[in-house]
Amino acid sequence: MTEYPASVDQAYRLARERYATVGVDTEQALEKLATISISIQCWQGDDVRGFESNQTTLSGGIAVTGSHQGAARHPDELRADLELALKLIPGSHRVNLHAMYGDFGREKVDRDAIEIEHFRRWCDWARSLGIGLDFNPTCFSHPLSQSGFTLSHPDSSVRSFWIDHCVRSRRIAAWIGKQLASPSVNNIWIPDGAKDFPADRLTPRIRLSESLDQIFNESFTPAELIDSVESKLFGLGSEAYVVGSHEFYLGYAAKHQKSICLDAGHFHPTESIADKISSVLMFVPQLLLHVSRPMRWDSDHVVLLDDPTQAIAFELVRNNLLHRTHIGLDYFDASINRIAAWIIGTRNTLKSLLIALLEPASVRLAEESGDLTERLLWMEESKSLPWSLVWDKFCEIQDVPIGHLWWGDVKEYESNVLSFRN
Ligand code: RNT
Ligand code: ZN
């Protein structure tokens with residue numbers, strides 16, 4: 001049990017009073033925040049390497065930089081690292097797996113041969129912690145993805161290989177969802193695209209659409225599985241053309257009522273995914289977010305408590321869209337302690353949600369009454385309300401260290417555990 005200074009409670013009482021003067025019920029915000037689960041990306045823990053015995057280097061137009069000590073080398077290490085992170089993040093969250101993270105041991109298991117068995121230990125582990133798991137087929141870092149094409153590949157035997165992989169991923173995800181009594185989101189992202197201008201932008205898209213139709217042919221209940229597709233504007237090596245563009249997947253998801261994944265790093269730098277949420281959710285049933293921080297490109301930096309993250313949280317809360325949105329994280333930084341990267345990014349995402357939950361109704365009321373001056377006043381005023389004291393209270397209620405105090409545990413783990421990995 002953590003000891004909390006009496007000042008946390010005293011400060012919270014003052015904050016509660018202060019918020020009451022602007023019509024905000026902090027207790028309600030705390031209760032709501034406790035119901036929000038963030039899906040934490042397992043791949044931050046090992047620099048998107050995975051645990052296949054026939055591992056290739058990371059490819060597909062994504063890149064990890066940094067060489068901080070302590071990347072997880074096998075599933076047990078990754079689970080131990082995640083457990084520490086989960087213990088230091090307030091609330092109850094989920095873990096997001098990629099197909100290449102199975103418990104394969106020394107066995108050579110190709111992507112078209114993955115089985116439920118390879119994920120049983122993850123599932124048992126999640127059950128013991130009382131958390132849910134999400135899933136992703138891994139359509140990169142593989143000899144058959146080196147051409148830059150997978151589900152849209154011109155060769156039908158290569159396409160079949162990746163279709164098989166995605167079919168198996170869905171089965172595994174659905175099984176996990178059923179086992180854990182919490183639907184598993186299976187998100188399909190492929191790297192398909194071209195470095196230079198293609199002559200034919202259409203045919204690969206027709207092939208991708210047909211591959212997806214085959215993948216989604218088997219039906220599962222929404223209690224087990226949620227299908228999601230993730231678009232991208234460009235990647236390293238796919239600067240001129242990405243087969244699965246935003247327009248492509250938005251059309252596909254709307255037509256087939258699949259969930260769409262909006263990754264914060266997958267658009268033009270002046271575009272905000274926050275603005276897309278309310279449009280997309282008018283036409284697709286559910287949304288998956290990959291909260292990330294692009295810096296000049298899709299660089300996947302650790303999520304900050306910054307304006308783009310805050311804008312996302314405001315959209316979800318103001319429009320009451322939390323129950324239709326799966327909030328996942330997608331970043332990978334190997335230049336700092338990887339467990340701290342999880343904790344900082346997840347805490348920041350939660351903080352932005354808390355700030356949104358604590359927003360005075362006056363913001364909206366002023367807008368509705370047509371008084372845009374007063375709207376600006378409330379938006380700016382609410383920034384200096386004492387949300388951080390409510391956050392400390394949340395950490396206390398959830399029995400995790402307040403403020404920076406989790407850092408001691410991570411430092412200790414770094415010197416006792418991580419520093420012995422090479
Ligand atoms: C790549 C996508 C994708 C990956 C993960 C590892 O640009 O964002 O979501 O980051 O699947
Ligand atoms: Zn992503």
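The values are calculated or read from the model by the stated rules, or taken from the named source; none is laboratory data. Since this is a predicted model, take the numbers as computed values, not measurements. FYI the Cβ positions are ideal-geometry reconstructions off the backbone, even for glycines, and counts take in every protein chain you see. For the accessible areas, the whole protein counts, side chains as well, though only heavy atoms, and no ligand, DNA or RNA atoms are used. Shrake-Rupley method; radii C 1.70, N 1.55, O 1.52, S 1.80 Å.
Some notes on this structure:
- C-alpha long axis of helix 387-397 to longest principal axis of the chain, angle in °: 70 degrees
- The helix-based estimate of mean residue ellipticity at 222 nm for the chain, built from -39,500 (n - 2.57) per DSSP H run of four or more residues and divided by its residue count, is -13000 deg cm²/dmol to the nearest 500.
- Helix 156-179 axis versus longest C-alpha principal axis of the chain: approximately 40°, rounded to the nearest ten.
- Across K195/K255; K32/K255; K87/K411, pairs whose alpha-carbon gap is larger than 25 Å: K195/K255; K32/K255
- Semi-axes of the equivalent ellipsoid for the chain, computed as √(5λ) from the eigenvalues of its C-alpha gyration tensor and ordered from largest down, come to 36, 27, 19 Å.
- Taking Cβ atoms as reference points and 12 Å as the exclusive limit, the residues near D110 contribute a net charge of -2, counting Lys and Arg as +1 and Asp and Glu as -1.
- Among beta bridges that DSSP assigns inside the chain, antiparallel share in %, nearest 5: 10 percent
- Per residue solvent-accessible surface (Å²) - the chain, probe of 1.4 Å: 43 Å²
- A run of the chain free of exposed loop cleavage sites, with trypsin sites (Lys or Arg not before Pro) counted only in DSSP states other than H, G, I, E and B and at most 16 other beta carbons within 10 Å, reaches its longest extent at 297-420.
- Taking the longest Cα principal axis of the chain as reference, the axis of helix 6-21 is set at about 80 degrees.
- Each principal axis of region 236-377 carries a Cα extent, and these read 50, 42, 26 Å when sorted largest first.
- Here the accessible area is traced with a 1.4 Å probe on the protein chains. For the chain, carbon and sulfur cover 53 percent of it.
- Reachable lysines, given that their alpha-carbon falls under 29 Å from the alpha-carbon of K108 and they are not under 8 places away in the same chain: K178
- Alpha-carbon centroid distance for the pair region 260-294 / region 1-56, whole angstrom: 22 Å
- Loop exposure criterion: GluC sites (Glu not before Pro), DSSP state outside H, G, I, E and B, at most 16 other Cβ atoms within 10 Å. Applied to the chain, the longest stretch between such sites is 272-422.
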